[in-house]
Ligand SMILES: [Zn+2]
């Protein structure tokens, strides 16, 4: 069946209101390879939705021509709860107003449920294991009984993603260069292709897989966790699952949307999901670096932020990245506290100039190649 638009209706939370999630299916349900792409789980992050806005007509056309060999599920805006969180003319889409949960945490780690169902039957045949694990994960999800809309959203989207060969969760940062979060298990392999095709300026890997229960984390780590738990069985890393950070919140325009869509399309061709020629792999802009090498700048005191270096800059240890200014201090330069880089690397994420900052607020992130003692064992996803 060609392109179809579908709708998931979430349970009503307050009298007179109900939300729904729209998704699109291209190619044939059940065909392989399968890709799943979603945008705006943090609902005020729309550059990914813009990329999908430009990708979808390309997929409609490819489908019409019979060029989609596998199956592609696209969810242009996955979070109608967050999309509706308007307060005083501001859109706040990162945390759920009801439970205060970050929308991209506490997704479902199905590895325990799958292990219980089929762990003992996993053997040396990777293909058999993949089929068993996917079926057990689907059965675990089918057995869940979500009662509120966020629970339902999580279960419903994982039903669409958990059997995919490629899962791409499209986000952005407040002010950032295009970057990618992946699992070490996928690097270099398919993640290197992804990084090169989309033009990532930094790629950060969790080693061996993300502990945090982000959407892309749980989809990819299912395989890594089972491989770890059943070392005698041959459990492959059957899903390339990545979080793509499409630059800054305000960088939404047709030029970027079009080129991001073209790059995603080329990657889908390269993975054999859409037929055609992907051509030569673009030059990789930056080698992957470990999450434990990511320097995170925290604000030491309250004040207003001003930056010295633009996003995407290469910085060195000791470089002042930004300063926080005490607005009540009359001593001019002495009212300014510098926050410096603690590694050599790429300043891939920062905040906009002029934002208010407070103690402990994350003010920048730097991708460095060297493992940092003070970052070991930290997730880095602390805001
Ligand atoms: Zn996000």
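All of the numbers you see were taken from the coordinates with simple rules; none came from a lab. Just so it is clear, the model here is predicted, and its values are computed rather than measured. Ideal geometry is used to build each Cβ from the backbone, glycine not excepted, and the neighbour counts take in all protein chains shown.
Cα axis of helix 254-270 to longest principal axis of the chain: angle in degrees, 0 to 90, nearest 10?
The answer is roughly 40 degrees.
Want the number for residue 151 to residue 369: 0.36 nm per residue separation, take away the alpha-carbon distance, what's left?
74.7 nm
Sort 241, 183, 379 so the one with the fewest other Cβ atoms within 10 Å of its own Cβ comes first.
With the sparsest Cβ surroundings first, the list reads 379, 183, 241.
Please pull out the direction-averaged projected area of region 293-383, using the convex hull of its alpha-carbon atoms, in nm² to one decimal place.
Directional mean of the projected Cα hull area for region 293-383 stands at 5.6 nm².
I'd like the FRET efficiency for residue 65 and residue 326, computed as 1/(1 + (r/R0)^6) with the beta carbon distance as r and R0 of 51 Å, rounded to 0.05.
Computed FRET efficiency for residue 65 and residue 326: 0.25.
Decide, for region 4-286, between rounded, prolate and oblate: order the square roots of the alpha carbon gyration tensor eigenvalues as a ≥ b ≥ c, take rounded if a/c falls under 1.5, and otherwise choose prolate if a/b is larger than b/c, else oblate.
rounded
Would you mind computing, in nm to one decimal, how far apart the modelled labels at residue 9 and residue 379 are, each placed 7 Å from Cα along Cα→Cβ?
Reported label-point gap for residue 9 and residue 379 is 3.4 nm.
Taking only Cα atoms, what is the 0 to 90° angle, nearest 10, from helix 47-64's long axis to the longest principal axis of the chain?
Helix 47-64 and the main axis of the chain meet at about 30 degrees.
Pulled fully out, how much extra length does the chain show between residue 29 and residue 138, if you take 0.36 nm times their separation in residues and subtract their Cα-Cα distance?
Gain on stretching residue 29 to residue 138: 37.8 nm.
Between 372, 86, 356, which gets the highest mean-square fluctuation from a Gaussian network model of the chain, Cα cutoff 10 Å?
86
I need to check one value: relative contact order of region 4-286, counting alpha carbon pairs closer than 8 Å and at least 6 residues apart, in percent.
25
Using a/c under 1.5 as the rounded threshold, could you call region 154-195 rounded, prolate or oblate? The axes a ≥ b ≥ c are square roots of the C-alpha gyration tensor eigenvalues, and prolate needs a/b larger than b/c, oblate otherwise.
Oblate, because a/c is 1.5 or more while a/b does not exceed b/c.
Relative to the first principal axis of the alpha-carbon coordinates of the chain, what is the inclination of helix 149-161, with its axis defined by its Cα atoms, in degrees from 0 to 90 and to the nearest 10?
Value to nearest ten degrees: 60.
Only bridges with both residues in region 21-152 count here: give the DSSP antiparallel percent, nearest 5.
Restricted to region 21-152, the bridges split so that about 60 percent are antiparallel.
How much of the DSSP bridge set in the chain is antiparallel, in percent, rounded to the nearest 5?
That works out to approximately 65 percent antiparallel.
I'd like to compare 99-105, 148-154: which one has the highest average count of other Cβ atoms within 10 Å, and what's the full order after that?
148-154, 99-105
In a Gaussian network model over the chain where Cα atoms closer than 10 Å are linked, find which of 249, 18, 338 has the largest mean-square fluctuation.
18
Round to a whole angstrom and tell me the spacing of the C-alpha centers of region 38-62 and region 153-209.
Each part's Cα centre sits 15 Å from the other's.
How many angstrom lie between the C-alpha centres of region 226-272 and region 16-33?
18
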